Structures are given as structure tokens and as C-alpha cells.
Amino acid sequence: MRLPIRFIVIFCCFLAFFCASCSDDSATTTLEENSEVVEEQKEEEKEEEVLDINDLENPAFIIETDLGISEFFDEAKVDDSYVLVNDAMSNSAYLMDKRSKKLYNFELNDKRIGNDVQLLPDGRLLAMLEVDDPIIKIGGFGGLIQLLGNDGSVQWSFEYSSEDYIAHHDAELLPNGNIIFQIWERKTAEEALDGGYSLDVDVFPDGILEINTTTNEIVWEWHAWNHLIQEHDDSKSNFGVIANNPQLINVNYITDAKGDIMHANGLSYDGNNDVIYLSANFFSEVWVIDHSTTTEEAASNTGGDYGKGGNLLYRFGNPKAYNNQVGPVRFDHNHYPNLLSGEDEGKILIFSNGFSTGQSTVYELALPSSFELQPSTDNEPMVLWSFTNDSLFSGKVSGAVKLPNGNRLITEGDRGYWEVTEEGKVVWRFKGSGFFWRGYHIAKNAPEIKDLEL
């Protein structure tokens, strides 16, 4: 019996459609299954990678002393050096090795730390200390700057404290032998309102002074109060559009009933470019200031090597501080603008506290070759390296330094210290009971400690 041609055609079409449908269903299912497997494998590999790099619950070994606990995760990769510890809780500065052994305690003559104590190349200490009867008591106040011998002998001392001003936080020795240091200065409620501040209170803006240690003469000054802008009161001379003036400081970015409106907490001097990097904590930024100006030029917007007077040459970390909607916000309160040198010249380490998130981050950034600061532009520097961990957090103080072997020594103010490799592997941690302002790297053969007879 011969089948009708129409039936044969219909049957063949149906067979072809069925086979194709089965083939497509099978391929689709296989691709979806493979995709899920790949994603699962990626997640497993990612989890394994994190665990392989940092299993902080299982150190290779632990050493416990009266100072605290040292955890070694990979001893072979730990930089064999010392740490100059700044402990604000015990008001002490001491040299410690990586095994939590105190090697030398520096005599501060029963003075309280006003935060920074650093060891100079000639073996002296440069210390920001607290005056005995301070009137301005904002956190981090000092009022007394001293150069000390390693035996505590006072080789130079300068007190800067009154009801109208106080030295605070940080100081640095310049190549010419002068010292720059941070200050807060009181502006009365009347002066604050005249400056466009939105609250009727005394305020304490930041400044930087330079002192000649031979004559005790203040030879240079920069005051943030001379470089303000605000959109609150159009009757004031500094009224303007904040977003159009990134070189100026928004006086109302922080409104604080106690008047602590900037809270700068650290500075670093760049001798090659004659500029100062100032960590403005409450602005979550670092400000760059021209040091080549005269004091008169520093109070204006002209003069100096860069032609901008005391206006900000550059700023980074938080573009929202000047109403810039372009560029990432990286800092959430910050400490220690640590300019690197040698082969790392042109880079900076900064500790972002992560105040609002409860997790801190260390950044290494590439600084621009020239200072460009434009409105509505991404002015942020490039990130070269960063490290964070869900157990790394200090809402205050802290910092980071780079070690000779390429590792970073991180100060976690509420806990102690971490040593982390370039790849992000934690190789050593120290946990103490202090409040750690910073930790400075000291090589075992450093000339500044040769007289300590360790």
C-alpha cells in the first residue's frame, strides 16, 4: 500500500521538529547545569583561596609575654625588625621585637603622650606631649613639643597652649632643623558666625605652624580659617558655590556643638615638592598645602611656587566633602598620611578607619605628578594596593608603614599590629592591651638605636 505523499511530508516534518526540540532542550539544560557547576566551583575556589591566604583562627604558633600576644602565621615571611610602639593608654613609647619582647623603654619624664613620639635618625625622640594644665581638651591635644635624648634628657622644649590655642597630635622635623606642628585655634561664636558657620558656638579650626628650634620663633603659619567657603549665609564674604571651589574648605561640612569641626590628626612633609599633607579626619580627606609660601601668602589665595597661596593644592579621599559627585569615596575617617620614599617615592599609605562600617582599610595610593583640582572631575588618586579584613577595625588612631621586605606594618589602634605581605597574606599579628597611636619600623642595625646597647 502506497502512503499519501501529504502524510509522508507531515510525518517527516513532525519527526524533524521532535528531534530538534529534544536536542535544544538537552543543550539548554546542559549549558544551565554547566553554568551552575562553574559558578559553584568559582565560589568554592574563592572560599578556598581566602582560607588558604588568611586562616586567622589557626596561627602556626603563639608567643605570649607581659606586653601581649604575638601570632605567627608564616614566620619565614615576617620582616626581622623592631617596632617603635606609641601606646597612649600607658603613656609610653618603647621598642619591641616581633616576639612581644620589650627591648627598651624611652623615658618621657612622666609626661602624658599627646599622640606622636617618633625616633629621629640621630637617636633623639621628637614627642608631642600633654601640658600639665590644658584648657582646650579636644581628643588628641598636646600643647608641649620636646626633643629628648634616649635617656629622657630634654634637649629642646616648646609649650604652645592657652585658652585660645593648643598644639595637638603630630609634629615633624624639617630638613632645615625647624619643626612643623599642628594646632587648634579658638574662634569665638561671634567670629564663627561671621565666618558663615551655622551654629552659635566657639569653633576650633586647624592650622600648621613652623618653629625655629634655635630661636623659638614661629617662622611660618597656615590657618584653615583663611580658606573657607559656605552656602549658609549669603551676607558673608566667603559665601559661594562649594562645588565650584574645590580649593576651599566648607566650614559647615561638620556641625559640632563642641566646635571640633575638622580634627586633623597627622601631617607629612614632602621636601621634593615643598608641600605638606594634612590628614583631615572629620572630612575623611587628605589636604595638600603649599609650604613654599610666606606667612602672608599662606593667608591668601596667591603666591608660592604653585601660585595659589594657602588654598588647597589638592585633596583626596572624599569628594563629597566639597560637593563633588564625581569620583569614589574611599576614606571613612582617616589617619597617618605616610609619604613613602626611595623606590616608592610618589606613593602614600593611609589608614581609613571605616568609622561607619566597622571595618578598616589600608590604601597605598599613587600621587599625581602635578596637583590638579577641578570641579565635577574625578580628582582621586589611583589605588596601587589595599588591604582589609573583617577583623581589622579601629575607629580611632592607627596607620601603616612599608617594610624593607615589601610587607606593610599596620597599626590597629584598639588592638595592636598586623604584618601583611604584598599579596595580602597576614604573616604576623600582635595583640596588646594598649591604645596604639602608631607603630614605626626600626631596623635592627638602625643608627638611631646603636647607642641603646640592646
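Here are some notes:
- The conditions of being assigned by TED's automatic domain parsing to the domain that holds S279, in contact with a Pro (Cβ under 7 Å, 6 or more places away or on another chain) and not hydroxyl-bearing (S, T, Y) are met by E380.
- Filtering the stretch 139-156 to residues that are outside any strand (DSSP E or B), touching a strand residue (DSSP E or B) at 6+ places or on another chain (Cβ under 6 Å) and touching a residue at least 40 places away in the same chain (Cβ under 8 Å) leaves only G140.
- If you go through the stretch 66-88 and keep only what is over 25 Å from the mean Cα position of the chain (by Cα) and assigned to a loop (DSSP other than H, G, I, E, B), you end up with D66, L67, F73, D74.
- Selection status of E419, in the same structural domain as Q182 (by TED's automatic domain parsing) and over 16 Å from S268 (Cα atoms): yes
- Residue check for D170: among the acidic types (D, E) and in a loop (DSSP other than H, G, I, E, B): no
- Residue check, G406 modelled with pLDDT of 95 or more, buried (at least 19 other Cβ atoms within 10 Å of the Cβ) and assigned by TED's automatic domain parsing to the domain that holds L119: no
- Candidate set from the stretch 304-321 (those that are of a type in the set (K, R) and under 11 Å from F371 (Cβ atoms)); member that is farthest from the chain's Cα centre (by Cα): K308
- Of the residues in the stretch 411-433, at least one is under 20 Å from L126 (Cβ atoms) and out of contact with any helix residue (DSSP H, G or I) (no Cβ under 8 Å at 6 or more places or on another chain).
- Taken over the stretch 199-235, the criterion of being among the small types (G, A, S) and over 25 Å from the mean Cα position of the chain (by Cα) is satisfied by S235 alone.
- Scanning the stretch 429-454 for residues that are aromatic (F, W, Y) and closer than 17 Å to L409 by Cβ, we see that the one that is surrounded by the fewest Cβ atoms within 10 Å (Cβ to Cβ) is Y440.
- Among the residues of this structure, S352 counts as one that is within 13 Å of the chain's Cα centre (by Cα) and either over 20 Å from Q118 (Cβ atoms) or exposed (fewer than 13 other Cβ atoms within 10 Å of the Cβ) (or both).
- If you go through the stretch 199-216 and keep only what is of a type in the set (V, I, T) and not in a loop (DSSP other than H, G, I, E, B), you end up with V203, I208, I211.
- Hits in the stretch 217-262 - residues which are under 22 Å from V201 (Cα atoms) and assigned to a helix (DSSP H, G or I): A224, W225, N226
- So D122, is it among the acidic types (D, E), modelled with pLDDT under 95 and under 23 Å from L452 (Cβ atoms): no
- Take the conditions (1) under 28 Å from N272 (Cβ atoms); (2) surrounded by 19 or more Cβ atoms within 10 Å (Cβ to Cβ); (3) in contact with a helix residue (DSSP H, G or I) (Cβ under 7 Å, 6 or more places away or on another chain); L367 misses just one of them, which is (3).
- Figure legend. Inter-residue proximity from the stretch 299-314: first residues surrounded by fewer than 17 Cβ atoms within 10 Å (Cβ to Cβ), second residues in a loop (DSSP other than H, G, I, E, B), beta-carbon distance below 6 Å, spacing 6+ or different chains. Indicated pairs: S300/G309; N301/G309; N301/N311; T302/G309; D305/S292.
- Considering the stretch 161-201, the residues that are of a type in the set (S, T, Y) and surrounded by fewer than 19 Cβ atoms within 10 Å (Cβ to Cβ) include one that is farthest from D116 (Cα to Cα), namely S198.
- Residue count for the stretch 322-337 under the criterion of being on the phi > 0 side of the Ramachandran plot, surrounded by fewer than 22 Cβ atoms within 10 Å (Cβ to Cβ) and within 19 Å of the chain's Cα centre (by Cα): the result is 1.
- Residue that is surrounded by the most Cβ atoms within 10 Å (Cβ to Cβ), among those in the stretch 373-401 that are in a strand (DSSP E or B) and touching a His at 6+ places or on another chain (Cβ under 8 Å): G399
- Filtered residues of the stretch 116-132 (kept if exposed (fewer than 15 other Cβ atoms within 10 Å of the Cβ) and either without any contact (Cβ under 8 Å) to a residue 12 or more places away in the chain or in a strand (DSSP E or B) (or both)): D132
The values are calculated or read from the model by the stated rules, or taken from the named source; none is laboratory data. Model, not experiment: these values are computed from the prediction. Cβ: placed from backbone, ideal geometry, glycine included. Neighbour counts: every protein chain shown.
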